[in-house]
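Data block below; observations after.
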Amino acid sequence: MRIVIKVGTSTLTHKTGMLHIRRVEQLCKVISDLKNAGNQVILVSSGAIGMGVGKLSLPDRPSDIPTTQAAAAVGQCELMYTYDRLFSEYNHTVAQILITRGDTEDPKRRVHFENTVRRLLELNVIPIINENDSIATDELVIGDNDTLGAIAATATAADLLIILSDINGLYTADPRKHENAVLLKKVEIITPEIENMTGGAGSRLGTGGMTTKLNAAKIAMAAGVDMVIANGSDPSVLYDIVEGKEIGTKFVGKKK
Ligand code: GLU
């Protein structure tokens, strides 16, 4: 299987912005194992800004653009250093690809992006993709890695997009506020009723939330790619998802 796995800042870091060492170690171990079993894996990783905040000991996510972009530049190094080190332990090679919306909208650049990712997969490498946060501008920003994950999954004709988050999946209401909220196991069509369930904002250091996840689901489903939202607090959940077990919320890609 060709699998795109998106991990959010809230999965990779503590609230301080510092690396969640145990979780990231587990994540790299499980992904390495999935690769050893013959799957191709593309990782879409957030965490550049969050880790930059941690590394620079900033009190919070910066509110101005230059500091945010500087934090991303610092954090992206830290992120790739971490992945390179941990995947090397299992003899896997990683590659970094940073893109902005302009790269996905310009047909020529998009083809180069697709070709590079495909070639990396042929070379048995784990491509690790993030937005190029240090140079992205308001007009040309993808803005969130859920959407970036869906773009990567459709561009590479992946079989499955897995979004690991700090929430178990899509609920009928925000489970942090409503104890009667029910987890939806399977979504075949995104109805206006489902859209109303999303309710905005994500974590303090990331940018996502359920709205961007539904947006990603729309892109993936339209391209025939299945998408699963699951809780990334225990990365071994990836084994169950790849085996097709009912975990989190599954969005079924349109059959062609
Ligand atoms: N690209 C951002 C980062 O690495 C994250 C975007 C997101 O949270 O979706 O910090």
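The values are calculated or read from the model by the stated rules, or taken from the named source; none is laboratory data. Worth saying up front: this structure is predicted, and the values here are computed from it rather than measured. Positions of Cβ are generated from backbone atoms using ideal geometry, with glycine treated the same way; all protein chains shown enter the neighbour counts.
Would you say Lys29 is in contact with an Asp or Glu (Cβ under 7 Å, 6 or more places away or on another chain) and of a type outside the set (A, V, I, L, M, F, W, C)? So Lys29 does not fit the description; no.
Results for (1) of a type outside the set (S, T, N, Q); (2) assigned to a loop (DSSP other than H, G, I, E, B); (3) more than 20 Å from the chain's Cα centre (by Cα), shown as yes or no for each residue.
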| site | (1), (2), (3) |
| --- | --- |
| Ala157 | yes, yes, no |
| Ile162 | yes, no, no |
| Pro175 | yes, yes, yes |
| Ile189 | yes, yes, yes |
| Ile194 | yes, no, yes |
| Thr198 | no, yes, no |
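If the condition is being of a type in the set (A, V, I, L, M) and surrounded by 16 or more Cβ atoms within 10 Å (Cβ to Cβ), then region 19-42 contributes Leu19, Val24, Leu27, Val30, Ile31, Leu34, Val41, Ile42.
Residues checked against (1) within 16 Å of the ligand (Cβ to nearest atom); (2) within 27 Å of Gly244 (Cα to Cα):
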| residue | (1), (2) |
| --- | --- |
| Val111 | no, no |
| Leu121 | no, yes |
| Val125 | no, yes |
| Ile128 | yes, yes |
| Asp138 | yes, no |
| Asp146 | yes, yes |
| Gly149 | yes, yes |
| Ala153 | yes, yes |
| Asp159 | no, yes |
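How about region 110-132: which of its residues are assigned to a helix (DSSP H, G or I) and charged (D, E, K, R)? The answer is Arg110, Glu114, Arg118, Arg119, Glu122. Among the residues of region 1-34, those identified as closer than 15 Å to Ser165 by Cα, at pLDDT below 95, out of contact with any strand residue (DSSP E or B) (no Cβ under 8 Å at 6 or more places or on another chain) and of a type outside the set (D, E, K, R) are Thr9, His14.
Taken over region 212-230, the residue count meeting the criterion of being at pLDDT below 95 and either more than 15 Å from the ligand (Cβ to nearest atom) or in a strand (DSSP E or B) (or both) is 0. Where strands (runs of 3 or more DSSP E) sit wholly within region 1-109, none has at least 1 residues that are of a type in the set (Phe, Trp, Tyr) and more than 14 Å from the ligand (Cβ to nearest atom).
In the set (1) at pLDDT 95 or above; (2) in contact with a Lys or Arg (Cβ under 7 Å, 6 or more places away or on another chain), the condition left unmet by Ala95 is number (2). Of all the residues in region 100-124, those that are modelled with pLDDT of 95 or more, surrounded by 17 or more Cβ atoms within 10 Å (Cβ to Cβ) and of a type in the set (Val, Ile, Thr) number 1.
The one condition from (1) surrounded by fewer than 15 Cβ atoms within 10 Å (Cβ to Cβ); (2) under 15 Å from Asn132 (Cα atoms) that Met80 does not meet is (1).
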